Each structure stands twice: as C-alpha cells, then as structure tokens.
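The values are calculated or read from the model by the stated rules, or taken from the named source; none is laboratory data. None of these values were measured; they are calculated from a predicted model. Methodologically, a virtual Cβ is constructed for each residue, glycine included, from the backbone with ideal geometry; neighbour enumeration extends over all protein chains shown. The accessibility values were calculated without ligands, DNA or RNA, using every heavy atom of the protein model including side chains. Shrake-Rupley method; radii C 1.70, N 1.55, O 1.52, S 1.80 Å.
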Amino acid sequence: MSVLIGYAERLKNAIEDDRLEEEIETILDVATEVGNLSDSIDEIEQITNPDVTRRSPKNLRDVIRNRLEMLRSHYPECELSVGESTDVWVTADKGLDYAIDHAIRNAVEHNDHETPAVTVAIGEDAEKEMGTVRIIDNGPPIPDMEIDALDDRTETSSTYHGSGVGLWVMKWCVDSLGGDLTFEENSPRGNVVCLSLPKTNPSTSDRHE
C-alpha cells in the first residue's frame, strides 16, 4: 500500500486533468484506508497473544501525556487537551496505547468542525475500583450500528456489520486488560468514549521516581 500510495501521489502531481485527479484521489483514499487496516490487524495480532510478563503498573496521567505529545504533531489543527486529571495506576501493556490512540484518532478524523476539539479526562470509579480515561469530542455522534456491532449478543451478517475497525481494536485491547469500553453522548454535541481498567498499586521503584 505504501508503494501504491507513492505512485499515486506522483501521478497526481504530474496530471492536470481534473477528472483523472479525482480518480487518483480515490486511489489514494482507498490505499490509505487499506494501509491503516493492515496496521490495525498487526495490533490485533499482538493483543490476542498477550505476554502477561510485559504488563506493568502504568500511571494513566503519564500514559495520556505521552500519547497526546505524539498525536499533537499528527493533528496540529486539533485542540487536544487534558481535562480532569489525577494519578491513577492500572496494569497495562502496549494495548493501552493502541486503545487510546484509536479513540483520539477517531475523535479527530471523524470530526466535522473546522477546529476539532478533543479533551482527555483521567479519573476513577471508586466503587468498581477502576481507573478511567474519557475521550470527549465535539464531533458528530458515533453511528449506533458501529457501537451495536461490538456487542457479542449481536448477530453479524452481510447486511449488519460495523465498519469501524478502530472500535474493534479499542474493545479487544481493553477487554484483554480486564476492562470495559463504553460510549456516551456529549452535551451539547459529540461523544464520550470511556476506557475503564482495573486499578493497581505502583511498584516500589515507581514510588521513588
């Protein structure tokens, strides 16, 4: 797909026919989508064969800070910010990074505002002893079909399926860590994607850092 994208971009720059430029743009869009799908499959392969020895206590505040620092360079047009934040520790692996990245990317890339706004809030559910990461956006609502397709009780068929591979990656990542993935409506507009993970205590070495 990378090779195909490269050739298509060269053609686009060399051709001045508007009709052909539109067709080349379609090739670029499809190739990019398939390339992203390949990346998602690679992530799924990694989380479906988890090595529990690679899991360790993670401070959600540090994880979010690192993910936002990386994503801001990819989405300079977006207002990415940290809302409510506290020190909450969970046991996690690379799957947590994948889930957070997909949640934020979806919030930005499917946003129809000229300046998308995404806020990430960190908290905890004391009753359930879960740490929470809430990704809050001001974009259009996630289609119900995409969310319903994640439900194990929903029968998937050729006429009923979700196309959001990113949502599946998020769900499987969170499930693999013993957590929950939920969706809410934001007010007055947008979505709230919540990742809930079992809390843990920081290791001795982490307490001294």
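Out of the residues in region 79-95 that are in contact with a Ser or Thr (Cβ under 7 Å, 6 or more places away or on another chain) and crowded, with 20+ Cβ neighbours inside 10 Å, which is farthest from PRO198 (Cα to Cα)?
So, considering only residues that are in contact with a Ser or Thr (Cβ under 7 Å, 6 or more places away or on another chain) and crowded, with 20+ Cβ neighbours inside 10 Å, the one farthest from PRO198 (Cα to Cα) is GLY95.
Among the numbered criteria (1) open to solvent by less than 50 Å² (accessible area, probe 1.4 Å); (2) at pLDDT 95 or above, which one does TYR98 miss?
(2)
In region 7-24, how many residues are surrounded by fewer than 12 Cβ atoms within 10 Å (Cβ to Cβ) and of a type outside the set (A, V, I, L, M, F, W, C)?
Residues meeting the conditions: 7.
Looking only at residues in region 169-207 that are more than 21 Å from PRO141 (Cβ to Cβ) and of a type in the set (A, V, I, L, M, F, W, C), which one is modelled with the highest pLDDT?
Only one residue tops the list, namely LEU197.
Mind listing whichever residues of region 114-140 are among the aliphatic types (A, V, I, L, M) and outside any loop (DSSP other than H, G, I, E, B)?
Initial filter on region 114-140 (among the aliphatic types (A, V, I, L, M)): 117-118, 120-122, 126, 130, 133, 135-136.
Matches in region 114-140: ALA117, VAL118, VAL120, ALA121, ILE122, MET130, VAL133, ILE135, ILE136.
Go through region 66-113 and count every residue that is of a type in the set (Ser, Thr, Tyr) and in a loop (DSSP other than H, G, I, E, B). Break it down into steps so the answer makes sense when it comes.
Going through region 66-113, the residues of a type in the set (Ser, Thr, Tyr) turn out to be 73, 75, 81, 85-86, 91, 98.
This time we only want the ones that are in a loop (DSSP other than H, G, I, E, B), so: 75, 85-86.
Adding up the residues that qualify gives 3.
Has region 112-134 got any residue that is at pLDDT below 90 and either acidic (Asp, Glu) or open to solvent by less than 30 Å² (accessible area, probe 1.4 Å) (or both)?
Yes, region 112-134 contains a residue that is at pLDDT below 90 and either acidic (Asp, Glu) or open to solvent by less than 30 Å² (accessible area, probe 1.4 Å) (or both).
Would you tally the residues in region 62-113 being polar (S, T, N, Q) and farther than 18 Å from GLY190 by Cα?
Qualifying residue count, region 62-113: 5.
Mind listing whichever residues of region 67-76 are open to solvent by less than 90 Å² (accessible area, probe 1.4 Å) and under 15 Å from PRO116 (Cβ atoms)?
Within region 67-76, LEU68, LEU71, TYR75 meet the criteria.
Residues are listed down the side, and each one gets a yes or a no for (1) in contact with a strand residue (DSSP E or B) (Cβ under 8 Å, 6 or more places away or on another chain); (2) among the aliphatic types (A, V, I, L, M):
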site: ARG72; (1), (2): yes, no
site: CYS78; (1), (2): yes, no
site: THR86; (1), (2): yes, no
site: GLY95; (1), (2): no, no
site: ILE100; (1), (2): yes, yes
